[in-house]
Amino acid sequence: MESTGGPYLNTAAVTSPVGIARLLQMTFGCTTFSLVAHQGGFSAAYGTFCMFVWTFCFAVTVFIITCEFTHLHSCLSISWGNFTAAFAMLATLMSVTAAVIYPLYFVQLGCYPIGCEVRDFRIAASVFAGLLFVTYAAEVFLTRAKPGQVTSYMATVSGLLKIVQAFVACIIFGALVNDSQYGKYVATQWCVAVYSFCFVVTVVVVAFSVTGKTALLWFPFERSVVVYTLGAVLLYVSAAVIWPVFCFDSKYGSPRRPGLCAKGKCPWDSQLVIAIFTYVNLLLYVVDLAYSQRIRFVSHL
């Protein structure tokens, strides 16, 4: 085998600030799901989601560290810089969600009825879950694009916002399927179409950036993304107007939460969540559009 002219192992992958952050991610992630699996326990969809987040993030982080330490990432037909930046942002969002959900549903101050040992394990798991979020957020901070720096698109503010937009859309979809009664009016069905279209296109943009295939397209990818972002802003403006009117106006819906509505199974609650995150995503797309005027795509980093 011919030598590549450099060291076989990349020690900077574990000694640089980003490398140290990833080692801490691996350590805290493993500790968190080990505490939960050993004694803390989890149940229902919320607990299963948290365990999935911690194990998924741990596995991908180990994969990233291994590839960078051994230079194996150079053999992969993807844009490595875009992939790691996108995953760091996604892991930050997922880990902060799990760090909020697990203590909210599983941690209590008293020992009854789960016992003091189980309670202590759950508190410890919650602490390490919070530390895990901090380390992923630190990686995003360390790898984000600096002013004037040539870097991967997913490391820019616009690229990172694409991940957040898709994540917020997933929250909207979760509320939609939770008895939101969106099929009651054609107008609310239009809103669902807006959420779906923007989510799909955003995921496609991320996929093309991560795979590094943007240069193979027959149309200017950079200009198309800016045009799409403008279109997404206009579409979300329509949803931000239509959804509250058809859900909370007294002519079509209910301005206040019905008194007899069961907690956790109330369509009004789901409609409120969708309305809030519609405005959140609208703001994200507006900020994305503003930042997209100041960047240039680099697909091969």
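Across the alpha-carbon atoms of the stretch 43-121, the computed radius of gyration and Dmax are 17.2, 54 angstrom. Cross-link reach is defined here as a Cα-Cα straight distance under 19 Å, omitting same-chain residues fewer than 8 places apart; for K263 the aspartates and glutamates meeting it are D179. A cut-off under 13 angstrom between Cβ atoms defines the neighbours of L160, and their net charge, with Lys, Arg +1 and Asp, Glu -1, is 0.
Count charges around V206 for me, please; just the other residues with Cβ under 15 Å from its Cβ, Lys/Arg as +1, Asp/Glu as -1.
Neighbour charge sum, excluding V206 itself: 0.
Shown here for the stretch 175-267: chymotrypsin sites (Phe, Trp or Tyr not before Pro) in loop regions (DSSP other than H, G, I, E, B) with at most 11 other Cβ atoms within 10 Å, namely W218. Note on S74 and T11: the extension gain reaches 21.1 nm, defined as 0.36 nm multiplied by sequence separation minus the Cα-Cα distance. In a DSSP loop and with at most 14 other Cβ atoms within 10 Å, the chymotrypsin sites (Phe, Trp or Tyr not before Pro) in the stretch 6-46 are Y8.
Among the cysteines of the chain, those with no neighbouring cysteine Cβ under 4.7 Å are C30, C50, C57, C67, C75, C170, C191, C198, C247. Shape descriptor for the chain: Rg over Rh equals 1.02 (Cα atoms; Rh from the Kirkwood inverse mean 1/r).
Would any residue of the stretch 201-238 have its amide N under 12 Å from a label point 7 Å out along Cα→Cβ of V186? List them or say none. Residues passing the 12 Å test: none. The simple Förster model, with R0 at 22 Å and r as the Cβ-Cβ distance, assigns V280 and V245 a FRET efficiency of 0.75.
Normalised by 2.2 N^0.38 Å, where N is the number of residues, the alpha-carbon radius of gyration of the stretch 199-301 equals 1.45. Per-residue SASA remark: M89, around 20 Å² accessible (1.4 Å probe; ligands, DNA and RNA not included). The shape of the stretch 89-190 comes out oblate: with a ≥ b ≥ c from the C-alpha gyration tensor, a/c is at least 1.5 while a/b does not beat b/c. Simple spin-label estimate for Y105 and S196 gives 2.7 nm between the two label positions (7 Å along the Cα-to-Cβ direction from each Cα). The eigenvalues of the Cα gyration tensor, multiplied by 5 and square-rooted, give the stretch 146-194 an equivalent ellipsoid with semi-axes of 35, 11, 5 Å from largest to smallest. Cross-link reach is defined here as a Cα-Cα straight distance under 23 Å, omitting same-chain residues fewer than 8 places apart; for K162 the lysines meeting it are K146, K213.
The values are calculated or read from the model by the stated rules, or taken from the named source; none is laboratory data. These numbers were taken from a predicted model, which means no experiment stands behind them. Because the Cβ atoms are built from the backbone with ideal geometry, glycine has one as well, and the counts that use them run over all protein chains shown. Only protein heavy atoms, including side chains, enter the accessible area calculation; ligands, DNA and RNA are left aside. Shrake-Rupley method; radii C 1.70, N 1.55, O 1.52, S 1.80 Å.
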